[in-house]
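Trainee: Structure below; questions to follow.
The values are calculated or read from the model by the stated rules, or taken from the named source; none is laboratory data. No experiment lies behind these values; they were computed from the predicted model shown. No Cβ is skipped: glycine too gets one built from the backbone with ideal geometry, and neighbour counts run over all protein chains shown. For accessibility, only protein heavy atoms count, side chains too; no ligands or nucleic acids. Shrake-Rupley method; radii C 1.70, N 1.55, O 1.52, S 1.80 Å.
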Amino acid sequence: MFGLPSIAIEYLGAGALVIALGYLIRYREWTFLIAGYDDTSPVPSDVAANIVGNTVLRIGIAALVVGLTFAVTDPPAILSGIFAAVVVLAVARLLYRLNTYSPDGADTPA
(Lines give C-alpha, C1' and ligand atoms only; values in the text may rest on other atoms or scores of the structure.)
Protein backbone atom coordinates (compact mmCIF):
# COMPACT_ATOMS: atom_id res chain seq x y z
CA MET A 1 0.00 0.00 0.00
CA PHE A 2 1.71 3.23 1.12
CA GLY A 3 4.22 1.61 3.42
CA LEU A 4 2.74 3.43 6.41
CA PRO A 5 2.23 1.70 9.74
CA SER A 6 -1.38 0.82 10.41
CA ILE A 7 -1.49 3.04 13.49
CA ALA A 8 -0.47 6.03 11.35
CA ILE A 9 -3.27 5.32 8.89
CA GLU A 10 -5.75 5.01 11.76
CA TYR A 11 -4.75 8.35 13.27
CA LEU A 12 -4.67 10.10 9.88
CA GLY A 13 -8.11 8.77 8.92
CA ALA A 14 -9.65 9.54 12.29
CA GLY A 15 -8.04 12.99 12.31
CA ALA A 16 -9.41 13.80 8.86
CA LEU A 17 -12.91 12.66 9.88
CA VAL A 18 -12.83 14.65 13.12
CA ILE A 19 -11.60 17.76 11.29
CA ALA A 20 -14.49 17.42 8.83
CA LEU A 21 -16.98 17.14 11.70
CA GLY A 22 -15.37 20.12 13.46
CA TYR A 23 -15.69 22.17 10.29
CA LEU A 24 -19.38 21.29 9.97
CA ILE A 25 -20.05 22.19 13.58
CA ARG A 26 -17.97 25.37 13.69
CA TYR A 27 -18.52 26.96 10.30
CA ARG A 28 -21.83 25.44 9.12
CA GLU A 29 -23.33 25.48 12.64
CA TRP A 30 -24.57 21.91 12.44
CA THR A 31 -25.39 21.84 16.14
CA PHE A 32 -27.43 18.65 15.76
CA LEU A 33 -24.03 16.89 15.74
CA ILE A 34 -23.53 17.99 19.35
CA ALA A 35 -24.78 15.26 21.67
CA GLY A 36 -27.43 16.53 24.08
CA TYR A 37 -27.74 19.99 22.54
CA ASP A 38 -31.14 21.29 21.45
CA ASP A 39 -33.13 24.51 21.28
CA THR A 40 -33.96 24.42 24.99
CA SER A 41 -30.31 24.86 25.98
CA PRO A 42 -29.42 28.18 27.64
CA VAL A 43 -26.36 28.41 25.37
CA PRO A 44 -27.15 29.99 21.97
CA SER A 45 -26.46 27.80 18.96
CA ASP A 46 -23.77 30.09 17.53
CA VAL A 47 -21.86 30.05 20.83
CA ALA A 48 -22.19 26.27 21.18
CA ALA A 49 -21.08 25.80 17.57
CA ASN A 50 -18.08 28.05 18.16
CA ILE A 51 -16.95 26.39 21.39
CA VAL A 52 -17.59 22.79 20.36
CA GLY A 53 -16.40 23.25 16.78
CA ASN A 54 -13.10 24.77 17.84
CA THR A 55 -12.49 21.97 20.31
CA VAL A 56 -13.30 19.28 17.75
CA LEU A 57 -11.02 20.96 15.21
CA ARG A 58 -8.18 21.05 17.74
CA ILE A 59 -8.60 17.37 18.53
CA GLY A 60 -8.67 16.52 14.82
CA ILE A 61 -5.51 18.49 14.15
CA ALA A 62 -3.82 16.79 17.11
CA ALA A 63 -4.82 13.38 15.69
CA LEU A 64 -3.34 14.33 12.32
CA VAL A 65 -0.10 15.39 13.99
CA VAL A 66 0.08 12.11 15.91
CA GLY A 67 -0.61 10.19 12.69
CA LEU A 68 2.13 12.08 10.85
CA THR A 69 4.49 11.43 13.75
CA PHE A 70 3.80 7.70 13.53
CA ALA A 71 4.23 7.88 9.74
CA VAL A 72 7.67 9.51 9.70
CA THR A 73 9.28 8.14 12.85
CA ASP A 74 8.95 5.40 15.43
CA PRO A 75 7.75 7.27 18.53
CA PRO A 76 7.39 5.61 21.92
CA ALA A 77 4.18 3.73 22.58
CA ILE A 78 3.21 6.23 25.27
CA LEU A 79 2.35 8.78 22.55
CA SER A 80 -1.11 7.24 22.18
CA GLY A 81 -1.66 7.59 25.92
CA ILE A 82 -0.55 11.21 25.83
CA PHE A 83 -2.96 11.86 22.97
CA ALA A 84 -5.79 10.26 24.96
CA ALA A 85 -4.96 12.46 27.96
CA VAL A 86 -4.99 15.56 25.74
CA VAL A 87 -8.43 14.60 24.40
CA VAL A 88 -9.79 14.07 27.92
CA LEU A 89 -8.47 17.48 29.02
CA ALA A 90 -9.90 19.17 25.93
CA VAL A 91 -13.33 17.64 26.53
CA ALA A 92 -13.21 18.62 30.22
CA ARG A 93 -12.39 22.20 29.20
CA LEU A 94 -15.23 22.11 26.66
CA LEU A 95 -17.76 20.92 29.23
CA TYR A 96 -16.60 23.54 31.72
CA ARG A 97 -16.93 26.34 29.17
CA LEU A 98 -20.42 25.22 28.13
CA ASN A 99 -21.63 24.76 31.71
CA THR A 100 -20.33 28.16 32.88
CA TYR A 101 -21.58 30.15 29.89
CA SER A 102 -23.19 33.47 30.72
CA PRO A 103 -24.76 35.70 28.06
CA ASP A 104 -23.08 38.88 29.31
CA GLY A 105 -19.58 37.56 28.53
CA ALA A 106 -18.57 37.21 32.17
CA ASP A 107 -17.34 33.67 31.51
CA THR A 108 -14.27 34.92 29.64
CA PRO A 109 -11.26 35.63 31.84
CA ALA A 110 -9.77 39.12 31.77
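This table checks each residue for (1) part of a helix (DSSP H, G or I); (2) among the basic types (Lys, Arg).
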| residue | (1), (2) |
| --- | --- |
| ARG26 | yes, yes |
| ASN54 | yes, no |
| SER80 | yes, no |
| ALA85 | yes, no |
| VAL91 | yes, no |
| SER102 | no, no |
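Trainee: Let me spell it out: the conditions are (1) in a loop (DSSP other than H, G, I, E, B); (2) surrounded by 16 or more Cβ atoms within 10 Å (Cβ to Cβ), and ASP38 meets all of them except one. Which number is the exception?
Mentor: (2)
Trainee: Please find, within region 73-83, the residue that is nearest to ALA48 (Cα to Cα) out of those that are open to solvent by 50 Å² or more (accessible area, probe 1.4 Å) and at pLDDT 95 or above.
Mentor: ILE82
Trainee: Under the condition of being touching a helix residue (DSSP H, G or I) at 6+ places or on another chain (Cβ under 7 Å) and in a helix (DSSP H, G or I), which residue from region 3-15 is surrounded by the most Cβ atoms within 10 Å (Cβ to Cβ)?
Mentor: TYR11
Trainee: Is there any pair linking a residue in region 56-82 that is within 9 Å of TYR11 (Cβ to Cβ) to one that is of a type in the set (Val, Ile, Thr) and crowded, with 19+ Cβ neighbours inside 10 Å, with Cβ under 7 Å and at least six apart or on different chains, and which?
Mentor: Correct list of pairs: ALA63/VAL18.
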